[in-house]
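Beneath this line is the structure, given in structure tokens, with notes to follow.
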Amino acid sequence: MSSTSVDRSAARRGNPWLALIAVSFGLLMVQLDGSVVAIANPAIGKDLDASTAELQWVTNSYLLALAASMILGGKLGDRFGRRLYYLVGVGGFVVTSVAIGLAGSIEGVILFRALQGLCGGILMPNTLGILRAVFPPRKFGLAVGIWGMVSAVSTSLGPIIGGLLVEHVDWTWVFYINAPIGVVALVFSATVLAESRNSAGEQRFDIAGVVLLAAGLLVLVFGIVKGETWGWTSAGTLGSIALGLVLLAVFCRYETRQRHPLLPMRLFRDRSLSTGVVMTALNFFVMLGGIFFIMLYLQNVRGYTPVEAGISTLPMSLASLVASPAGSQLTARFGPRVTIPLGLALSAAAMFSMLTWTVDSSYATMWPPYIALGLGVGIVLPATAAVIIGNAPVEDGGVASGLQSTMLQIGGALGTSVLVTVIAGKVGSSLFGELTGAGVPTPVAHGLEKAEDAVTMGIAPVSADMPAQLKAAVVEGSGQAFVNGLHSAVVVTGVLCLIGAVAAVAGIERRSRETAENAEAPVIVAAH
């Protein structure tokens, strides 16, 4: 090979913008897969004769594996090579996606979904770890903004793509679609990504830390996910969450005594980084929790098809498309102490404006909250990533990215579980009154109170043998009870956003130490 060809290859592998394109493919797969499956679940249940509990595990097995493996995935990349583990994660994600479509049984789908989550947990943190290693500090914020844009838009577009595939092809294509994306990602990434890892030489790998962290996160997230079904005050929920917190406390104590810890506790000495971790969880609490109850409202109360519901929320996707890179530029100019509260204030405004929604709201009342929510979440996402990863030493870039990604999953799990509980509580207290107010006879309304779970999902408990007038009254009363629950959920979420905005101002330092730390950052070993 000529020296010119070698120089071109080296320049291509060292190009940060090509690296950004490469990691965006993997990010697209993981985020898309997290939101399309909810659309496919009814078809999966019908085709594979699955129970509701089994369908929950199609989602939960993926979520648990993803949350439990992200910090490990970042550490493996930091230690042995971020490019290597990114490619391993992408390849595994493609194989498990195809296996899910071919499984032929609900047990197989659940198993391969867990393995798919494990692969996602390996590749996700290394996307930001790679960017941290190749971008100079002054441009890292912009890179994170584009990363956030890809993340937000792929999550928002999931229901549209999933709806189209389920309606016009088959539910298996919700997973098969990852194959062409993944193959392109593998070929392109292998061509343009340079290898990077820590320069600190050989270190003992923290196996006990891996086990403690994975166990703690698994048990904690399991308790959060099951809280809505079991009840938040049930022994199972409280026991699971308590055990998870104890295991994580033991993990933190153990890590402080290790020379080469899996998750260096010194990272949390940085007040800005610690605040950014909490804000990351809150942002995805708002995003995934909001999308969850918005989709219930559109599809089950308003009667939209999945595709129609996805298209109606396009303003949210478009706003995210603009907000993420804009948010990174605002963060670079004014700092995350300004942009994170700004984004949370926009999200709060979006939530409070949903208080005007009724069972028959016009679209004119819907699109302004969509835009405000897309802007708010889109601004906060790159700002929190920058404050976490930008305040971590370069050699811990993968671990910091894994920490950020883990908090995204925990926040999302909390958002859906907690807000469903809030909606259920309000539905339970108002259903009887709304049914009788709509004209349902008192004895019938008492009988329909047993259908509280269905109404919490926005589904009216009507049957084919009901007279038309009674059916209309049940639909009206149930829809109003759900909207009452939705209003309670948006108030809770909006108040949390305002509290978070104040906490961000108090917890984030006026000037990031990113520039100073990067000036003295250790050398990253790169292989072209």
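The values are calculated or read from the model by the stated rules, or taken from the named source; none is laboratory data. Computed from a predicted structure; not experimentally measured. Here Cβ is always computed from backbone atoms with ideal geometry, including for glycine, and neighbour counts include all displayed protein chains. Only protein heavy atoms, including side chains, enter the accessible area calculation; ligands, DNA and RNA are left aside. Shrake-Rupley method; radii C 1.70, N 1.55, O 1.52, S 1.80 Å.
Structure notes:
- Put simply, of Val444, Val490, Val455 the only residue that is crowded, with 23+ Cβ neighbours inside 10 Å, of a type outside the set (Phe, Trp, Tyr) and either over 20 Å from Asp360 (Cα atoms) or modelled with pLDDT under 90 (or both) is Val455.
- Residues that are crowded, with 24+ Cβ neighbours inside 10 Å, touching a Cys at 6+ places or on another chain (Cβ under 8 Å) and of a type in the set (Gly, Ala, Ser), drawn from the range 51-95: Gly89
- Checking every residue in the range 38-50 against the condition of being under 27 Å from Leu128 (Cβ atoms) and either part of a helix (DSSP H, G or I) or open to solvent by 10 Å² or more (accessible area, probe 1.4 Å) (or both) gives at least one match.
- Inside the range 227-254, residues that are touching a residue at least 60 places away in the same chain (Cβ under 8 Å) and surrounded by 17 or more Cβ atoms within 10 Å (Cβ to Cβ) make up a count of 2.
- Matching option when the condition is in contact (Cβ under 8 Å) with a residue 24 or more places away in the chain and either in contact with a Ser or Thr (Cβ under 9 Å, 6 or more places away or on another chain) or under 30 Å from His260 (Cα atoms) (or both), among Ile371, Ile389: Ile389
- Screening the range 298-308 for residues that are in a helix (DSSP H, G or I) and in contact with a Ser or Thr (Cβ under 9 Å, 6 or more places away or on another chain) and picking the one that is nearest to Val427 (Cα to Cα) gives Val301.
- Among the residues of the range 347-359, those that are open to solvent by 50 Å² or more (accessible area, probe 1.4 Å) and touching a residue at least 24 places away in the same chain (Cβ under 8 Å) comprise Ala349, Phe352, Leu355, Thr358.
- The numbered conditions (1) open to solvent by 40 Å² or more (accessible area, probe 1.4 Å); (2) under 18 Å from the mean Cα position of the chain (by Cα); (3) within 18 Å of Val144 (Cα to Cα) are all true for Phe334 except (2).
- Considering the range 96-187, the qualifying helices (runs of 4 or more DSSP H), each wholly inside and each with 2 or more residues that are open to solvent by less than 10 Å² (accessible area, probe 1.4 Å) and either touching a Ser or Thr at 6+ places or on another chain (Cβ under 7 Å) or under 25 Å from Ala214 (Cβ atoms) (or both), run over 106-134, 137-168.
- Here Ser328 passes the criteria (1) touching a Pro at 6+ places or on another chain (Cβ under 7 Å); (2) open to solvent by 20 Å² or more (accessible area, probe 1.4 Å) except the one numbered (2).
- From Ala424, Ala460, residue being within 25 Å of Pro369 (Cα to Cα) and open to solvent by less than 60 Å² (accessible area, probe 1.4 Å): Ala424
- If you go through the range 224-241 and keep only what is under 16 Å from Leu414 (Cβ atoms) and either among the aliphatic types (A, V, I, L, M) or at pLDDT 85 or above (or both), you end up with Ile224, Val225, Thr237, Leu238, Ser240, Ile241.
- Filter result for Thr191 (at pLDDT 85 or above and open to solvent by less than 30 Å² (accessible area, probe 1.4 Å)): no
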